[in-house]
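A quick write-up on the structure given underneath.
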Amino acid sequence: MIEATIKPMSAICALCALATTVFSAEAPRPNILVVMCDDLGYADVGFNGSTDIRTPRMDMLAKDGTVFTSAYVAHPFCGPSRMGLMSGRYPHAFGGAYNLPNHGQGIEEYNNEGVPVAETLIGTVLQNAGYYTGAIGKWHMGFTQPYHPNNRGFEEFFGFLGGGHNYFPDQYQPAYERQVQFGNKHINEYILPLEYNGKNVNETEYMTDAFTREACRFVKVASAKEKPFFLYLSYNAPHTPLEALEDDLVLYEDIEDPKRRTYAAMVHAVDRGVGQLVETLKSTEQFDNTLIVFLSDNGGKTAAGANNYPLRNGKGSAYEGGYRVPMFFHWPQQVPAGQKFDFPVSALDFYPTFAGLCGAAIPDGKILNGKDIWAAFKDGQNPRQGEMVFALRYRGGYSEVGARRDDWKATRGEASTWQLFNIKDDAGEAHDLSAQYPERLEEMVAAAKKWSLTHAEPRWFHEERAREIWDETRMPATAATFGMDSIAFKPADIKPVALEQKTTPLSNGDITKAQFLENEKRRCEVKGWKWNSGKVETMFNEIDANQDGIASGREKKIYWANYKAQ
């Protein structure tokens with residue numbers, strides 16, 4: 001992907017001003033509405049083929065707009081993905097490749113971090129261009145004042161600042177109050193009060209419905225102003241904890257898997273909210289001049305009920321299921337109706353594309369990893385012919401990497417060799433073509449390595465132990481990740497250092513990955529459940545926090561405690 005630096009040239013500034021004047025003279029600048037789901041599976045919306053989860057409101061918008069079949073985000077999990085969208089840069093470039101930790105862990109060093117203030121976010125760019133701006137829902141880009149949404153380009157913010165939250169206020173508010181009474185200064189962010197512009201609010205509605213309500217309120221307020229608006233509506237559904245309204249659960253009684261049933265009901269609530277928001281746009285006469293962008297922040301979490309078919313793996317993975325997401329554009333008379341756009345695009349492209357549509361000036365010196373795709377999109381052309389779209393997730397002793405260019409993708413998945421896929425014909429990454437096209441693979445891996453060398457060391461980690469693992473496994477372990485012997489290298493060459501050094505017998509309660517898979521497979525046979533090795537592997541990887549190939553008794557205890565808390 002192109003990395004461009006905006007030069008401080010008076011001529012460019014003059015052209016930007018002229019563009020704004022011409023845009024205003026010919027047509028009103030569009031409202032921009034970004035609706036983002038959290039951990040939504042690729043196949044969990046009707047417009048992408050879902051048969052068990054019904055999303056009629058979103059499907060109607062998709063039908064009257066354009067569906068992007070190869071839409072990517074900047075990272076395969078939450079925080080870094082959102083940081084990429086808002087900054088227009090790969091989060092690795094400024095040290096944001098890990099999630100910020102749960103504020104309740106009390107890691108003050110990391111709690112005082114966020115997207116560097118030197119990175120001007122798209123909210124500020126549009127605000128400076130005269131837009132009324134709002135962010136509603138999940139933030140996950142910084143907790144303290146320098147990183148608060150009200151200080152990063154959003155005049156209005158309603159929601160929570162952390163990475164997740166419980167959904168029912170009659171449950172999380174009493175839990176929060178008990179923690180306050182106990183004098184606990186470090187409280188799990190999943191039960192903190194919601195806030196409006198920095199002040200706690202006493203919420204009464206189911207979380208998803210509350211965010212919909214506030215989004216509709218924002219549109220009504222914005223419509224009374226003599227300026228266009230930019231609204232970032234960031235639902236935390238269907239992210240865990242899996243919690244749904246009884247009225248929505250009843251609609252999915254036919255789904256036997258309890259996780260999938262609750263997950264479906266949560267997606268249903270989002271679809272209901274999108275419908276209410278559309279009605280508000282219409283009643284305020286804003287619908288026809290609003291570009292609606294819908295997407296997920298990353299792939300679906302299969303261990304929590306998501307379905308990413310036909311993509312391989314899910315949230316956290318460098319395979320397609322980790323960061324290729326459902327997405328559509330809708331804008332009457334401007335976005336082609338009933339179309340599919342199959343060329344690769346990235347959420348990194350939103351920043352320059354929105355700025356171009358809105359006649360907004362991008363700050364001098366601002367580095368962008370995306371590009372303005374609007375003209376190519378309208379012409380049905382590949383907006384980045386010959387350019388790369390990347391994803392990288394740090395592991396212990398190596399990294400997972402995905403690198404797509406046009407119809408081809410080089411993938412270095414978890415503990416695997418590098419593989420090459422014709423991703424247009426093989427979205428599920430099932431047929432490795434590296435032996436047939438070794439030179440193509442080697443060239444793409446070299447490009448991914450070059451990109452990785454631009455990364456900054458992480459400014460924060462999701463937990464204290466992660467920093468130790470980073471040091472112990474000599475990350476970023478460029479040689480282990482990108483080294484190649486002819487076509488590929490062997491998994492044995494990239495064992496995490498921590499695993500190589502583990503020579504002591506397993507402690508009581510510890511279990512290897514192979515043992516874990518065997519146990520779960522046996523349990524499925526006894527219960528008569530359908531075996532899904534990919535889903536079970538994903539669960540093991542989430543339990544194995546230090547990525548040493550062993551799920552310790554302590555790691556399992558922490559995983560299940562966090563799962564129940566979420």
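General remarks:
- Strands (runs of 3 or more DSSP E) fully within the stretch 267-355 counting 3 or more residues that are open to solvent by less than 10 Å² (accessible area, probe 1.4 Å) and closer than 15 Å to V35 by Cα: 290-296, 324-330
- Failed item, numbered, when F218 is tested on (1) part of a loop (DSSP other than H, G, I, E, B); (2) surrounded by 22 or more Cβ atoms within 10 Å (Cβ to Cβ); (3) not charged (D, E, K, R): (1)
- Picking from residues in the stretch 113-124 that are of a type in the set (G, A, S) and either within 10 Å of R152 (Cα to Cα) or not in a loop (DSSP other than H, G, I, E, B) (or both), the one that is nearest to the chain's Cα centre (by Cα) is G114.
- Residue, nearest to the chain's Cα centre (by Cα), within the stretch 48-97, restricted to residues that are open to solvent by 20 Å² or more (accessible area, probe 1.4 Å) and under 16 Å from L392 (Cα atoms): F77
- Single residue of the stretch 461-481 satisfying the filter (out of contact with any strand residue (DSSP E or B) (no Cβ under 9 Å at 6 or more places or on another chain) and in a loop (DSSP other than H, G, I, E, B)) that is surrounded by the fewest Cβ atoms within 10 Å (Cβ to Cβ): R474
- Residue within the stretch 125-136 that is within 28 Å of V401 (Cα to Cα) and either buried (at least 20 other Cβ atoms within 10 Å of the Cβ) or under 16 Å from the mean Cα position of the chain (by Cα) (or both) present: no
- Among residues of the stretch 177-195 that are under 22 Å from N99 (Cβ atoms), those with a Cβ under 8 angstrom from a residue that is at pLDDT below 95 and not in a helix (DSSP H, G or I), sequence gap 6+ or separate chain, pair up as K185/G106; H186/G106; Y190/Q566.
- Looking only at residues in the stretch 232-266 that are of a type in the set (S, T, Y) and assigned to a strand (DSSP E or B), the one that is surrounded by the most Cβ atoms within 10 Å (Cβ to Cβ) is Y232.
- Residue within the stretch 368-382 that is small (G, A, S), in contact (Cβ under 8 Å) with a residue 24 or more places away in the chain and closer than 22 Å to Y232 by Cα present: yes
- Qualifying positions in the stretch 365-416 - assigned to a strand (DSSP E or B) and among the acidic types (D, E): E400
- Checklist (1) out of contact with any Phe, Trp or Tyr (no Cβ under 6 Å at 6 or more places or on another chain); (2) crowded, with 17+ Cβ neighbours inside 10 Å applied to R412, failing item: (1)
- Test result for L441, under 30 Å from W470 (Cα atoms), more than 24 Å from the chain's Cα centre (by Cα) and open to solvent by less than 20 Å² (accessible area, probe 1.4 Å): yes
- Yes/no for Y110 being in a loop (DSSP other than H, G, I, E, B), in contact with a Lys or Arg (Cβ under 9 Å, 6 or more places away or on another chain) and at pLDDT 95 or above: no
- If you go through the stretch 279-323 and keep only what is of a type in the set (D, E, K, R), in contact with a strand residue (DSSP E or B) (Cβ under 8 Å, 6 or more places away or on another chain) and within 20 Å of T240 (Cα to Cα), you end up with just D297.
- Residues located in the stretch 366-379, provided they are open to solvent by 40 Å² or more (accessible area, probe 1.4 Å) and either at pLDDT below 95 or over 19 Å from Y90 (Cα atoms) (or both): A375, K378, D379
- Hits in the stretch 154-193 - residues which are in contact with a strand residue (DSSP E or B) (Cβ under 6 Å, 6 or more places away or on another chain) and part of a loop (DSSP other than H, G, I, E, B): F154, E155, P193
- Test: residue in the stretch 198-213 that is touching a His at 6+ places or on another chain (Cβ under 9 Å) and open to solvent by 20 Å² or more (accessible area, probe 1.4 Å): yes
- Single match in I32, I6, I12, I2 (criterion: modelled with pLDDT under 95, surrounded by 15 or more Cβ atoms within 10 Å (Cβ to Cβ) and of a type in the set (V, I, T)): I6
- Scanning the stretch 138-153 for residues that are at negative phi, in contact (Cβ under 8 Å) with a residue 40 or more places away in the chain and either open to solvent by 10 Å² or more (accessible area, probe 1.4 Å) or assigned to a loop (DSSP other than H, G, I, E, B) (or both) returns W139, M141, F143, H148, N150, R152.
- Check on K199, in contact (Cβ under 8 Å) with a residue 60 or more places away in the chain and over 19 Å from V293 (Cα atoms): no
- Selection from the stretch 450-474 of residues that are farther than 19 Å from G316 by Cα and out of contact with any Asp or Glu (no Cβ under 8 Å at 6 or more places or on another chain): K450, W451, L453, A456, E457, E464, E468, D471, E472, T473, R474
- Among residues of the stretch 417-455, those that are assigned to a loop (DSSP other than H, G, I, E, B) and of a type outside the set (S, T, N, Q), counted: 15
- Any hit, the stretch 105-113, residues being open to solvent by 20 Å² or more (accessible area, probe 1.4 Å) and free of Cβ contacts under 8 Å to residues at least 60 places away in the same chain: yes
- Complete set of residues in the stretch 391-409 that are touching a helix residue (DSSP H, G or I) at 6+ places or on another chain (Cβ under 8 Å) and open to solvent by 10 Å² or more (accessible area, probe 1.4 Å): R393, Y394, Y398, R405, W408
- Near pairs, Cβ below 8 angstrom, 6+ apart or cross-chain, from the stretch 210-233 (farther than 19 Å from L357 by Cα) to any residue that is small (G, A, S) and outside any strand (DSSP E or B): F211/G273; T212/G273; A215/G273; L233/A215
The values are calculated or read from the model by the stated rules, or taken from the named source; none is laboratory data. Every value quoted in this text rests on a predicted model; they were computed, and no experiment measured them. Ideal geometry is used to build each Cβ from the backbone, glycine not excepted, and the neighbour counts take in all protein chains shown. Surface accessibility is based on the protein's heavy atoms, side chains included, excluding ligands, DNA and RNA. Shrake-Rupley method; radii C 1.70, N 1.55, O 1.52, S 1.80 Å.
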